[in-house]
Amino acid sequence: MKLFGSWVGWFAGGVVAGGMTALAAAEQWLDYHTTSEGRGYRWLELSTNAPPGVPLPKLGASPCFVRWTTPLDPQGARWICFDRARHYGPYNRVFLDSNGDGRLDDETPQDAVAMDDYSATFAPARVVFKGEDGPLTYHLNLRFMRYTEDDMRVLASSGCYYDGKVNLGGKKRLLTLEDSDVNGTFNDHAPDPADCDHVIVEGDKAGYRLLGQMLEVGDELFTIEVARDGAFVKLEPAQNVTLGQVRVPETVSEFVAFGAPGHFVRRPANGVFTLPVGTYRVHGWTIDRKDDKGAAWKISGSSFNDFSSFAVAVDKPAALDVGEPVLAALTATENKGGADFSLRLKGRLGESVEILKGPERPRAPRLQLASASGPFRATNTFEYG
């Protein structure tokens, strides 16, 4: 089924039939891989209180504990303990309930593979769950960060992914599944993009797609079903997809939406395009321009909240007020030595806005300060990040 933005000139909504005979969706199996480079990240809440009822190994001074929640465990979580090899040294040792027996005293400690002044990084830790057809294996990356005794954090990331060549419309393409919300499963999709897993298809200019009911590949749509453990996918051409019209300002060059139907990238024609009927959240927009010297400029919006939700229907176009004008929000925070100023560019829906000149950020704005009486004058330059 093809979904071209140019169809909008004569089609405002309705049912598009691909004229294909639907094929039975067969299981297409993928390969499991481990990686020390995180495929999705998640902060874990840290506590110095030992979990009640959990047998512990012999530990050093001031161990720390986190509870990694996962729907794959019957108890809903696995306990993890960080320990120090020396009394006042870094937290460079970890115990993880790898088999789900509710104990840490029967686990072999894992030492950090990399350390610096503030953090310790551990190799992918193997975790085993009970699946319907036998054991399920998952790997979890952990990084312990300690800046002060009162400022300690744990960052978890997925240390595994699935990939393999799959049949998409008669073509073999490499497809990758990532557990982007780091909960042990690979089939999560939800209204909030932070709670969704990722699908990557070879050659897709979008880079990645948030998992939904459908997967867009080029100008074709496929229904997609992902195994909970990521071992296989089921794909077939989408049939009889109902479309609705969306209108954005004509200055918008590219628009990205995500919702239950899927993750879609559109290049509007005169501010108009179509999407499958359903509820979405704005995921991004881009405006491209050239200045009087021919230099290419781009502004883009990202990091939207749930206030950016909108509905696509057959009978009424969805009109979205996105893009310009871009607002500059200046904040000042007083401290003992004076004040810190920060500048943030944001869009109409509160999203973050970035400006590029060519492939790089332009020179940062400057801030001029002067006292009311006149003797003090200063010019400072903001720094990115």
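In this structure, is Val199 in contact (Cβ under 8 Å) with a residue 24 or more places away in the chain and not in a loop (DSSP other than H, G, I, E, B)?
Spelling it out, Val199 is indeed in contact (Cβ under 8 Å) with a residue 24 or more places away in the chain and not in a loop (DSSP other than H, G, I, E, B).
Asp340 versus (1) under 17 Å from Phe382 (Cα atoms); (2) open to solvent by 40 Å² or more (accessible area, probe 1.4 Å); (3) out of contact with any strand residue (DSSP E or B) (no Cβ under 6 Å at 6 or more places or on another chain): which is the lone unmet condition?
(3)
Can you name every one of the strands (runs of 3 or more DSSP E) wholly within region 252-350 that holds 1 or more residues which are in contact with a helix residue (DSSP H, G or I) (Cβ under 9 Å, 6 or more places away or on another chain)?
254-259, 262-266, 272-276, 278-290
Answer yes or no: is there a residue in region 358-373 that is within 24 Å of Gly259 (Cβ to Cβ) and open to solvent by 50 Å² or more (accessible area, probe 1.4 Å).
no
Restricting to region 296-308, name every residue that is open to solvent by less than 30 Å² (accessible area, probe 1.4 Å) and over 15 Å from Thr251 (Cβ atoms).
Those that are open to solvent by less than 30 Å² (accessible area, probe 1.4 Å) and over 15 Å from Thr251 (Cβ atoms): Phe304, Ser308.
Out of the strands (runs of 3 or more DSSP E) lying entirely within region 112-193, which hold 3 or more residues that are aliphatic (A, V, I, L, M) and more than 23 Å from Leu96 (Cα to Cα)?
In region 112-193, the matching strands (runs of 3 or more DSSP E) lie at 171-178.
Please determine, by comparing only the residues of region 27-57 that are loosely packed, with under 12 Cβ neighbours inside 10 Å and part of a loop (DSSP other than H, G, I, E, B), which one is modelled with the highest pLDDT.
The extreme case among them is Pro55.
Is it the case that some residue within region 278-285 is open to solvent by 80 Å² or more (accessible area, probe 1.4 Å) and either modelled with pLDDT of 95 or more or on the phi > 0 side of the Ramachandran plot (or both)?
Scanning region 278-285, I find at least one residue that is open to solvent by 80 Å² or more (accessible area, probe 1.4 Å) and either modelled with pLDDT of 95 or more or on the phi > 0 side of the Ramachandran plot (or both), so the answer is yes.
Need pairs with beta-carbon distance below 6 Å; first residue over 18 Å from Ser300 (Cβ atoms) and part of a strand (DSSP E or B) and within region 359-385, second open to solvent by 100 Å² or more (accessible area, probe 1.4 Å) and not β-branched (Val, Ile, Thr); sequence gap 6+ or separate chains.
Between residues of region 359-385 that are over 18 Å from Ser300 (Cβ atoms) and part of a strand (DSSP E or B) and residues that are open to solvent by 100 Å² or more (accessible area, probe 1.4 Å) and not β-branched (Val, Ile, Thr), the close pairs are Ala370/Arg377; Thr379/Arg366; Thr379/Gln368; Thr381/Arg366.
Is it the case, given these coordinates, that Gly100 is part of a loop (DSSP other than H, G, I, E, B), modelled with pLDDT of 95 or more and not hydroxyl-bearing (Ser, Thr, Tyr)?
In short, yes.
Does Lys205 count as surrounded by fewer than 22 Cβ atoms within 10 Å (Cβ to Cβ) and closer than 24 Å to Ala26 by Cβ?
no
For region 226-255, which positions are under 16 Å from His198 (Cβ atoms), surrounded by fewer than 19 Cβ atoms within 10 Å (Cβ to Cβ) and over 19 Å from the mean Cα position of the chain (by Cα)?
Across region 226-255, the qualifying residue is only Ala227.
The values are calculated or read from the model by the stated rules, or taken from the named source; none is laboratory data. Computed from a predicted structure; not experimentally measured. As a convention, Cβ positions derive from the backbone with ideal geometry for all residues, glycine included, and neighbour counts pool all protein chains shown. SASA here: full protein model, heavy atoms, side chains in, ligands and nucleic acids out. Shrake-Rupley method; radii C 1.70, N 1.55, O 1.52, S 1.80 Å.
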